[in-house]
Structures are given as structure tokens and as C-alpha cells.
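Below you'll find the structure, written out as C-alpha cells, and then a few comments.
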2 protein chains.
Amino acid sequence: MAEKRTELSDLGEFGLIDRIAEGIERQHSSSVLGIGDDAAVMDRGEEYSLLSTDMLVEGIHFDLSYAPIQHLGYKAVAVNVSDIAAMNGTPEQITVSLALSNRFSLEAIEALYAGIKAAAKDFKVDIVGGDTTASTSGLIISISVLGRVAKNEVVYRKGAGQNDILCATGDLGAAYIGLQVLEREKQTYLANPQMQPQLDKYQYIVQRQLKPVARMDIVHELKEAGVVPTSMIDISDGLASEVFHLSKHSQVAFALYEDQLPIDKQTYDTAVEFNLDPITAVLNGGEDYELLFTIKQEDHKKLEKHPDIHFIGHAQALDKGNLLVTKNGNRVPIKAQGWNHLAEK
Amino acid sequence: MAEKRTELSDLGEFGLIDRIAEGIERQHSSSVLGIGDDAAVMDRGEEYSLLSTDMLVEGIHFDLSYAPIQHLGYKAVAVNVSDIAAMNGTPEQITVSLALSNRFSLEAIEALYAGIKAAAKDFKVDIVGGDTTASTSGLIISISVLGRVAKNEVVYRKGAGQNDILCATGDLGAAYIGLQVLEREKQTYLANPQMQPQLDKYQYIVQRQLKPVARMDIVHELKEAGVVPTSMIDISDGLASEVFHLSKHSQVAFALYEDQLPIDKQTYDTAVEFNLDPITAVLNGGEDYELLFTIKQEDHKKLEKHPDIHFIGHAQALDKGNLLVTKNGNRVPIKAQGWNHLAEK
């Protein structure tokens, strides 16, 4: 009898996570929350500990032919810190594991670590451990981050209530459009190695792709404003995908207003140059690492003057579905496209 | 001017770790101990948290042509738990990150997770998170483990004093000799695929290689006996290498007695069959995941009847050097050979 073989690409990353999570039973009362949010939550008596981990694989998540290795180190830390920010927590420690082939010299690894250390300083985390090993091909970076949060300030993906206001920080779609620029320049270079890359006019969006920032500033400012979001997630796979996560966990649906979606002029202009719809880039472009969260109506006035928090929609009954209200008033269902790593290869 | 290029193989893993650790400054008072022990130590008020991480790479750490993927999952958890045991702590949570190529089906990943879940049950840890991504080649498993330990019970690599007794648990060299058996069977199979592997008489040592056990039982029994070791490490790279770590951190040297080194009969006989020196296997064979620790002289009587703790040497002044006292009374300097992953490829 032939062995059954189910392709991972048919399941996708989230389908696989659901299968893996099946039958996992909690053995420690300290394990408050496991798989299914941006970070795990552990009870430490006075407060909660937060633990999250992310892996970056060469050829899947990054391409060293255009990503400076120092920026890559920075990014690897930022994406982990972003998971702690998404729980409204403060990161404190990271471990850094590397698998590297003999293609990498000591100087390359020191450059990688220069980026890791710069991010550790910017986001105030201590590098407390890790593992370094050989790899048969390419570079793999696995970082785990430990953080903390007061018990009455932890924010989950669940918790959004009807009529809560949906907020997004910064601007969206930039990292995705920046990636298109980098890919085009790479092809141009491969076709003609004499050509120098023309990146000046794309500086902002390229930076957003290569060296993203975790929004710890927002976490601190929310605290100063006395606002605890009712739900939160970081925007790593694209706005639409994250809206669906908040929707599923909170059992509400969201209406998003097209004219409120934050997009930088450089992102918009470059999307048009590439014949891409800017709103699609905002909805489905990943890797912005901004925060998406909901607040109660009465907290709106505490944040309305914040220059970098945008009120992009509101929560409604689940059966209304997640939808986009276009500029001319049409209501269009949103599809969660996200980025299926497992289907890519 | 040519860019300087230093090969990682010239530095080795420990040399690289030293270079990386340079210039790392602590930003949080909660970071009690960082790089340089089996786990990082964080202050949580009443107690310490412990954090460690290990990465297993296909083609470097394991070969799926003879390692059943379920055992591999078990081993990946065990080697992490072993790091918490080496701090005299109790593991509680793990995160599991996987990078996988499309060679792997859902069924293969479920088998891997069956092993991970079995180990999680055996060692009483909760799987609280992780990351799953594609890989351009092969399987990479990165696990992080979070544990806890009472502040007055934490054990570091430093702390051994002169005249302390050096103890090792279980038996040593088995995992290394088991690997030789597996490699030989693989070659035989490649030469003639009709041949079935003959592993029955090597069952114990093959199991030691494929499915090692973290000695949490010893951690609990030390506590019951009222013994807090003065220093401890787990034996992952080989006894000699770990003796050097304790020596360096504690600033003492060790005398080991050849006739006290614990070796299983199957290990001994098979080493001889392979024309390998059994004592070399004990000293330099890795992956046994036993514990190596020192106790004060007065604690000897509390442990002398323990069937699985062996008193293999004692601590002496650093300038005497680490040495082996052979059966006929010769004193031979020990060399830390260990396993330099970075020089292997």
C-alpha cells in the first residue's frame, strides 16, 4: 500500500500550524497562552513573560545579492521585537542562532552581528545566548525574544468588541513595493553588470524593505496616553491577512475605509510606475511591521492627535464580513491573501 | 585593496562565539548571565528564568537516511532540555521553529511532531509557539526552551573549588560509537540496497545516538538528596571538551581516573570491533547528553549509593592542568577535542 503523501503547499503555513497545535495539552499552569498569537504568555506571578521566535532563511526571506548583511541582522531582530510590541509588551532578551555555510567569512558574520547589535541597542534588548553551526547551504537566522508585560496591560488578538475603532500605525505597502524595486534592479544588474543600481528616488521604500523598524515607540506612547488596545497584531503578512486574524480571534468583522488607509507618496507613485494597484499593495503587501490594533470608542480622543496612528475602520458583527468601503462608497469583501511561504517553493 | 577574509573554520565555534560576545553590553538588570553558559539567566524577582536555544541542521547534525524523523523530533527537544538540566533548572516551555523543503510531506512533519510531543510529555514542557517556513534545502529545527530555577539552586559552569569531586552520570561514548554503526550500515546499504541493516546487537548504542535522554531525573534526585552541585555542564561535545569548560570557568583543573570512567559494555565491545580506543570514545565522543558536575567533598556520602552517578575525578589547582590518571598510574594531559562543526564543512 502506498504511503499517503499530503503536500505542505496544499495546507499552507496556517493550516500546518493548526494541524501541529492539535492535541497539545498544557502541563504547566505558568503557560497562559501558547500557539496562536504573536507571542506565548507565561505567568511569572507579578507579571507575564512573553516569548516569541522567528526564523529567516536565505533564498526564502532574503536575497544577499541586494540585502546588505548588516541590515539583515537588524531586520532579524526587529521582526522579533515587533511580536513583543504586538502583545503591548517590552522586549528584554534575545538569543541568536545562526547556521552558515563556508561561503561566509568572519568579516561577513561580524557585519551581520553589527546589525544585530545596532538593533539590540535601538530596541533595548540584551543578546544573552544562541547557537552557531554549519549549514550545507546558505544562511539561516533564528532569533527568540523574551519580554515582559504587566498582567493588566497584555493585549491579545482576541478582545476586539463591536464598534471598536481599528487603528494602523505608520504607512503600509512600502516594504512590498520596495522589494519590487530591488528585484527589478537585480534583474537589470544581472543583464548588464556595468549598470549601477538607481535607488535614490526609492530610498524610503527600499529602506522599509531592508531595515524595518519595530514600533516600540507606539507601545510606549499608548502607555503614556493611558490606552490599552482591546486587540493587537503586527502587520507582517499584509493588512488583509492580519485583519482576518483579529476577526477570527475576536469574533467580530471589520469595515475598512479605503480613503483612510495610510500610504506614503513614494509607495503610491512607485506602485503606479510598476502597474500595481497601490491599495492592493497596502492590503496584501507584507513586511511593514507596523501595528494593527483596536481601541474602544472613548479612547479615540486620547489618540486623535497622534501623527502616526490612523483610524482606518471599525469592528462590526461577525456576519457582516470583513470588507473595504471604497472611496465611492462600494462595500467590497476583503480576501486574506497573505504570503504563503510554503506554497512559494 | 582586497577585502580581508578570515575563514570561520580557522576560528572554530568557540572562537566565533568569543568574537561575537565582544562589546555586548547589558541593558537590563534582569539579564543576570548572558552568553557563555548552558543557558541565559534572567532575574524574575522570586526566582530565575532560564533560556537556551539549539539548532539542528540536516546534513550537519542528522542524516535522515538512518535517523527516523520521529526520533529526530524527540532528540531536538532533549538536547534543549539538557541545557536547562545543566543549570539545575526545570524546563517549562519550548518554541519550535522549522524550515522545510518541499521534499517533506505533511505526514513526515506529523511524524516529526509526534517525536517532539513525546519528548514534551516525557520532559514535561509545553509547546507554546514557533515558526514554520520554507527552506531551499533540507530540514532545520531550531528550538528554544524556557525554564526556571530557585535563586539559591542555580548552578553555573563556574563555581568548582579545589578538591571538589567531579561526577558524571550514565555512561559515555555510546552515542558516538552508535553513530559509527549507523554510518557503516548506511555504506553497506548504499553498496547493496538488498542488505537489511543488522542493528540488533547494537540496539543500546544506536538508541543513544538517535534518541538521547535529558537527565532531568538527576536534577530531581540531586534536589531530593539535598545536593546543589558547585558547577555543572551537559556533555554534548564530549567529556574532554566539557572538562575544559568547567576548568576555564571555575579556574581549577581536573584529574580524571581512567578506571572510573563509565562505559557501557556494548560501547566498549563495539569500539574494539571498529578498532577505536574506548577511552578516546568516552573522552571525545559527543552527544551523550549526560551531566558533568562537581560536588563538595562532604556531599559525597549523600550520593555514593546512587547507581547512575559516577565519581570520575577531582578538582585541583589550575596550574596542574587537566589530566587523565591511567590504570597504570601515568598522568596524561587531556586535550579538548570536541566537535568543531564549523571546520567540518
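The values are calculated or read from the model by the stated rules, or taken from the named source; none is laboratory data. Note that the structure is a prediction, hence the values are computed from the model and not measured. Every residue, glycine as well, gets a Cβ built from its backbone with ideal geometry; the counts of neighbours run over all protein chains shown. Keep in mind that these areas ignore ligands, DNA and RNA; they rest on the heavy atoms of the full protein, side chains included. Shrake-Rupley method; radii C 1.70, N 1.55, O 1.52, S 1.80 Å.
Structure above, values below:
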read-out	value
Selection count where residues are under 21 Å from residue A:82 (Cβ atoms), of a type outside the set (S, T, N, Q) and surrounded by fewer than 19 Cβ atoms within 10 Å (Cβ to Cβ), scope region A:180-207	1
Count of residues meeting criterion [closer than 27 Å to residue B:216 by Cβ and charged (D, E, K, R)] in region B:170-204	1
Some residue of region A:175-184 being touching a residue at least 60 places away in the same chain (Cβ under 8 Å) and touching a strand residue (DSSP E or B) at 6+ places or on another chain (Cβ under 6 Å)	no
Filter result (more than 25 Å from residue B:36 (Cβ to Cβ) and assigned to a loop (DSSP other than H, G, I, E, B)) within region B:171-181	B:171, B:173
Among (1) on the phi < 0 side of the Ramachandran plot; (2) buried (at least 21 other Cβ atoms within 10 Å of the Cβ), the one test that residue B:238 misses	(1)
Candidates B:97, B:29 - the one that is among the polar types (S, T, N, Q) and in contact with a Ser or Thr (Cβ under 8 Å, 6 or more places away or on another chain)	B:97
Residue list for region B:5-18, restricted to those being facing chain A (nearest Cβ under 7 Å) and without any contact (Cβ under 8 Å) to a residue 12 or more places away in the chain	B:5, B:6, B:7
Condition broken by residue B:98, with the remaining ones in (1) assigned to a helix (DSSP H, G or I); (2) over 23 Å from residue B:175 (Cβ atoms) satisfied	(1)
Scan of region A:218-235 for residues that are touching a residue at least 60 places away in the same chain (Cβ under 8 Å), under 14 Å from residue A:89 (Cβ atoms), part of a helix (DSSP H, G or I) and open to solvent by 10 Å² or more (accessible area, probe 1.4 Å), ordered by number	A:223
Lone unmet requirement of (1) over 30 Å from residue B:321 (Cα atoms); (2) open to solvent by 30 Å² or more (accessible area, probe 1.4 Å) for residue B:210	(2)
Region B:153-179, subset open to solvent by 10 Å² or more (accessible area, probe 1.4 Å) and among the hydroxyl-bearing types (Ser, Thr, Tyr), residue nearest to the chain's Cα centre (by Cα)	B:176
The lone exception for residue A:145 - which of (1) closer than 22 Å to residue A:260 by Cα; (2) β-branched (Val, Ile, Thr); (3) in contact with a Ser or Thr (Cβ under 6 Å, 6 or more places away or on another chain) it fails	(1)
Enumeration of residues in region B:180-214 that are over 17 Å from residue B:264 (Cα atoms) and within 21 Å of the chain's Cα centre (by Cα)	B:182, B:183, B:214
Residue B:83 vs. criteria in contact with a Ser or Thr (Cβ under 6 Å, 6 or more places away or on another chain), in the same structural domain as residue B:121 (by TED's automatic domain parsing) and of a type in the set (Asp, Glu)	yes
Exclusive hit being more than 21 Å from the chain's Cα centre (by Cα), outside the structural domain of residue B:239 (by TED's automatic domain parsing) and of a type in the set (Gly, Ala, Ser), set B:138, B:89	B:138
Residue A:251 in contact (Cβ under 8 Å) with a residue 12 or more places away in the chain and of a type outside the set (A, V, I, L, M)	yes
Filtered residue count, region B:72-119, keeping only those that are of a type outside the set (S, T, N, Q), open to solvent by less than 10 Å² (accessible area, probe 1.4 Å) and closer than 30 Å to residue B:223 by Cβ	17
Hey, residue B:66 touching a residue at least 40 places away in the same chain (Cβ under 8 Å), aromatic (Phe, Trp, Tyr), surrounded by fewer than 21 Cβ atoms within 10 Å (Cβ to Cβ) and closer than 16 Å to residue B:210 by Cα or not	yes
Positions within region B:126-148 being open to solvent by less than 10 Å² (accessible area, probe 1.4 Å) and more than 7 Å from chain A (Cβ to nearest Cβ), in sequence order	B:139, B:141, B:143, B:145, B:147
Failed item, numbered, when residue B:10 is tested on (1) open to solvent by less than 90 Å² (accessible area, probe 1.4 Å); (2) not assigned by TED's automatic domain parsing to the domain that holds residue B:80	(1)
Residue satisfying all of: in region A:123-138; outside any strand (DSSP E or B) and out of contact with any helix residue (DSSP H, G or I) (no Cβ under 6 Å at 6 or more places or on another chain); farthest from residue A:219 (Cα to Cα) among these	A:136
Considering residues of region B:26-47 that are exposed (fewer than 15 other Cβ atoms within 10 Å of the Cβ) and at the interface with chain A (Cβ under 8 Å from one of its Cβ atoms) only, the residue farthest from residue A:110 (Cα to Cα)	B:46
Boolean, residue A:154 is part of a loop (DSSP other than H, G, I, E, B) and β-branched (Val, Ile, Thr)	yes
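So that you can scan it fast, the table gives a plain yes or no per residue for (1) assigned to a strand (DSSP E or B); (2) in contact with a strand residue (DSSP E or B) (Cβ under 7 Å, 6 or more places away or on another chain); (3) more than 7 Å from every other protein chain (Cβ to nearest Cβ):
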| position | (1), (2), (3) |
| --- | --- |
| A:52 | yes, yes, no |
| A:73 | no, no, yes |
| A:79 | no, yes, yes |
| A:87 | no, yes, yes |
| A:91 | yes, yes, yes |
| A:103 | no, no, yes |
| A:113 | no, no, no |
| A:116 | no, yes, yes |
| A:119 | no, no, yes |
